[in-house]
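This report refers to the structure that appears directly beneath it.
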Amino acid sequence: MAHAYTPGLKVTEQLLVVKRRILPLKGEVIVKVGDRVNPDDVVARTHLPGNVVPLNVANKLGIPPEDMSEVMLKKEGDPIKEGETIALKKSIIKWFSSPCQATIDGTLESISSVTGQVLQRGHPIPVEVKAYLRGEVTEVVPEEGVVVQCMAAFVQGIFGIGGETSGTLQTSVSNNTQVLTDDLIVDSMKDKVIVGGSLVTADAIKKAARIGVKGIVVGGFDDKDLRDFLGYDIGVAITGSEEIGVTLVVTEGFGQINMARKTFDLLGENEGKMACINGATQIRAGVIRPELVIPVEDQASAAEAEAAASMQGLAIGSPVRVIRHPYFGRLGKVTELPPQLQVLESESKARVLQVEFEDGQRAIVPRANVETIESR
């Protein structure tokens with residue numbers, strides 16, 4: 001068996017990054033094919049239906065539901081304002097009349113003479129989709145969105161929190177082994193995407209959010225700090241919707257783990273450039289990786305980019321990361337790929353490989369226990 005294909009993290013100096021920017025409902029696309037866009041440029045917009053708030057008019061006025069038509073002052077489709085009288089139970093004595101008032105601004109959607117309720121619909125909620133990347137619009141999906149692409153340096157992470165944002169890349173530590181602490185976060189880092197080393201502390205993230213840092217890329221993060229910072233445990237659902245003021249991308253794993261030297265060097269080489277960052281992560285079916293995209297100024301042709309982006313098989317010399325105990329998180333390169341099955345300590349049989357770690361140590365590891373680190 002000459003090659004084995006494994007899921008892996010991309011860390012590359014040049015990759016064609018293609019993103020579909022699609023609305024949740026049909027709406028209006030406001031750019032065209034060939035347009036150059038920046039991360040904060042709106043490419044499509046629509047309106048979501050407002051929230052529905054029921055109001056039991058019959059109960060409030062003390063009337064049977066079938067009498068609704070006699071008390072309603074508004075009809076279906078009429079605009080309403082919070083506090084406005086929409087139904088009135090009249091009395092012979094004017095002062096004893098009973099009003100029922102709208103509880104929201106919006107529209108009166110329906111009136112039921114069966115339940116005695118009316119449904120109030122809030123104002124439509126505007127939704128805008130931004131380009132996220134600095135690149136070119138290559139396709140327009142009518143009434144739905146666009147496809148944006150660019151050539152970029154690209155780094156995938158293991159885990160992240162926080163949504164899409166962008167800022168100027170700045171290295172905040174001297175090497176990939178240094179811990180990013182709160183004293184290294186300074187006011188001048190406002191609107192920056194900062195690069196740490198082996199770990200970021202909870203205090204550093206809190207200070208970064210307070211200052212206005214856009215994003216943090218770091219090797220590791222303590223899971224207890226994550227729980228304390230968020231106030232809850234992360235489940236199996238997708239992350240990325242957290243409103244924490246800063247986006248975090250962890251490149252290696254939980255705990256204090258040095259950021260891979262190649263990743264750290266690549267980010268350092270691109271210091272001062274715009275970086276687009278997204279912490280969205282999903283570890284179940286339909287895997288989503290957090291990422292950092294650094295658009296390059298010199299855009300290569302699409303054909304060259306697609307060739308550069310082709311997946312490579314696991315082979316001698318491939319850089320890998322071990323993702324299981326006892327070598328979890330360690331980086332190395334493949335030195336042997338024995339084709340035959342071998343018996344493991346568990347007495348099961350599996351295909352293995354030999355990996356040489358950065359310190360020269362070698363180990364036999366099941367192929368399923370590594371992931372390739374794609375780099376070009």
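The values are calculated or read from the model by the stated rules, or taken from the named source; none is laboratory data. Source: prediction; values computed, not measured. With ideal geometry, Cβ positions are generated from the backbone for all residues, glycine too; neighbour counts draw on all protein chains shown.
May I ask you to list the residues in the range 27-66 that are among the charged types (D, E, K, R), more than 26 Å from ASP191 (Cα to Cα) and outside the structural domain of GLY116 (by TED's automatic domain parsing)? Walk me through how you get there before you give the answer.
Just the residues of the range 27-66 that are among the charged types (D, E, K, R), to begin with: 28, 32, 35-36, 40-41, 45, 60, 66.
Narrowing further to those that are more than 26 Å from ASP191 (Cα to Cα): 28, 32, 60, 66.
Selection gives GLU28, LYS32.
Summed over the range 123-137, the residues that are in a strand (DSSP E or B) and either charged (D, E, K, R) or surrounded by fewer than 15 Cβ atoms within 10 Å (Cβ to Cβ) (or both) give a count of 6. Taking residues in the range 314-327 that are under 17 Å from PHE159 (Cβ atoms), and partners anywhere that are of a type in the set (D, E, K, R) and not in a loop (DSSP other than H, G, I, E, B), the pairs with Cβ atoms closer than 9 Å and at least 6 places apart or on different chains are ARG321/GLU252; ARG321/GLU371; VAL322/GLU371; ILE323/GLU371.
Quick check, is LEU23 in contact with a strand residue (DSSP E or B) (Cβ under 9 Å, 6 or more places away or on another chain), modelled with pLDDT under 95, buried (at least 18 other Cβ atoms within 10 Å of the Cβ) and assigned by TED's automatic domain parsing to the domain that holds LEU266? Spell out how you get there, then give the answer.
Values: in contact with a strand residue (DSSP E or B) (Cβ under 9 Å, 6 or more places away or on another chain): yes; modelled with pLDDT under 95: no; buried (at least 18 other Cβ atoms within 10 Å of the Cβ): yes; assigned by TED's automatic domain parsing to the domain that holds LEU266: yes.
Spelling it out, it is not the case that LEU23 is in contact with a strand residue (DSSP E or B) (Cβ under 9 Å, 6 or more places away or on another chain), modelled with pLDDT under 95, buried (at least 18 other Cβ atoms within 10 Å of the Cβ) and assigned by TED's automatic domain parsing to the domain that holds LEU266.
For residues that are of a type outside the set (A, V, I, L, M) and in a loop (DSSP other than H, G, I, E, B), scanning just the range 200-225, find the one that is surrounded by the fewest Cβ atoms within 10 Å (Cβ to Cβ). Among residues in the range 200-225 that are of a type outside the set (A, V, I, L, M) and in a loop (DSSP other than H, G, I, E, B), the one surrounded by the fewest Cβ atoms within 10 Å (Cβ to Cβ) is GLY212.
Assigned to a strand (DSSP E or B), of a type in the set (Asp, Glu) and not assigned by TED's automatic domain parsing to the domain that holds LYS273 - does that describe any residue in the range 99-106? Checked against the condition, which is being assigned to a strand (DSSP E or B), of a type in the set (Asp, Glu) and not assigned by TED's automatic domain parsing to the domain that holds LYS273, the range 99-106 yields no hits at all.
This table checks each residue for (1) touching a residue at least 24 places away in the same chain (Cβ under 8 Å); (2) of a type in the set (Ser, Thr, Tyr); (3) closer than 18 Å to THR165 by Cβ.
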site: THR181; (1), (2), (3): no, yes, no
site: LEU184; (1), (2), (3): no, no, no
site: ASP203; (1), (2), (3): no, no, no
site: LYS214; (1), (2), (3): yes, no, yes
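Close contacts from the range 142-165, counting a first residue that is in the same structural domain as THR247 (by TED's automatic domain parsing) and under 21 Å from LYS32 (Cβ atoms) and a second that is of a type in the set (Asp, Glu) and assigned to a strand (DSSP E or B), with Cβ to Cβ under 6 Å and a gap of 6+ residues or different chains, come to VAL147/GLU139. Of the numbered criteria (1) surrounded by fewer than 19 Cβ atoms within 10 Å (Cβ to Cβ); (2) in contact with a Lys or Arg (Cβ under 8 Å, 6 or more places away or on another chain), the one LYS262 fails is (2). Among SER174, SER91, which is the only one that is in a loop (DSSP other than H, G, I, E, B), farther than 30 Å from ASN258 by Cα and free of Cβ contacts under 8 Å to residues at least 40 places away in the same chain? Step by step, each of SER174, SER91 is checked, and only SER91 is in a loop (DSSP other than H, G, I, E, B), farther than 30 Å from ASN258 by Cα and free of Cβ contacts under 8 Å to residues at least 40 places away in the same chain. Within the range 32-76, being part of a strand (DSSP E or B) and among the basic types (Lys, Arg) holds for ARG36, ARG45.
Is the range 226-243 home to any residue that is in a strand (DSSP E or B) and surrounded by 15 or more Cβ atoms within 10 Å (Cβ to Cβ)? No, the conditions are met nowhere in the range 226-243. Every condition in (1) over 30 Å from GLU269 (Cβ atoms); (2) touching a Gly at 6+ places or on another chain (Cβ under 8 Å); (3) modelled with pLDDT of 95 or more holds for ILE30 except the one numbered (2).
The set of residues in the range 270-293 being touching a residue at least 60 places away in the same chain (Cβ under 8 Å) and either among the acidic types (Asp, Glu) or assigned to a strand (DSSP E or B) (or both) consists of GLU271, MET274, ALA275, CYS276, ILE277, ASN278, GLU291, LEU292, VAL293.
Consider the range 177-199. How many of its residues are outside any helix (DSSP H, G or I) and more than 15 Å from GLY279 (Cα to Cα)? The number of residues fulfilling the criteria is 14.
Residue count for the range 337-376 under the criterion of being of a type in the set (S, T, N, Q), assigned to a strand (DSSP E or B) and under 15 Å from ALA315 (Cα atoms): the result is 2.
Residue-by-condition table, conditions (1) at pLDDT below 95; (2) surrounded by 13 or more Cβ atoms within 10 Å (Cβ to Cβ); (3) hydroxyl-bearing (Ser, Thr, Tyr):
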| site | (1), (2), (3) |
| --- | --- |
| THR251 | yes, yes, yes |
| GLY255 | yes, yes, no |
| CYS276 | no, yes, no |
| GLN282 | yes, yes, no |
| ALA285 | yes, no, no |
| ARG289 | yes, yes, no |
| GLU297 | yes, no, no |
| ALA303 | yes, no, no |
| ALA308 | yes, yes, no |
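Quickly run through the range 166-178 and pick out the residues that are within 14 Å of VAL246 (Cβ to Cβ), buried (at least 20 other Cβ atoms within 10 Å of the Cβ) and either β-branched (Val, Ile, Thr) or in contact with a helix residue (DSSP H, G or I) (Cβ under 7 Å, 6 or more places away or on another chain) (or both).
As a first pass, look at the range 166-178 and keep what is within 14 Å of VAL246 (Cβ to Cβ): 166-167, 170, 172.
Filter once more, keeping what is buried (at least 20 other Cβ atoms within 10 Å of the Cβ): 166-167, 172.
Selection gives SER172 alone.
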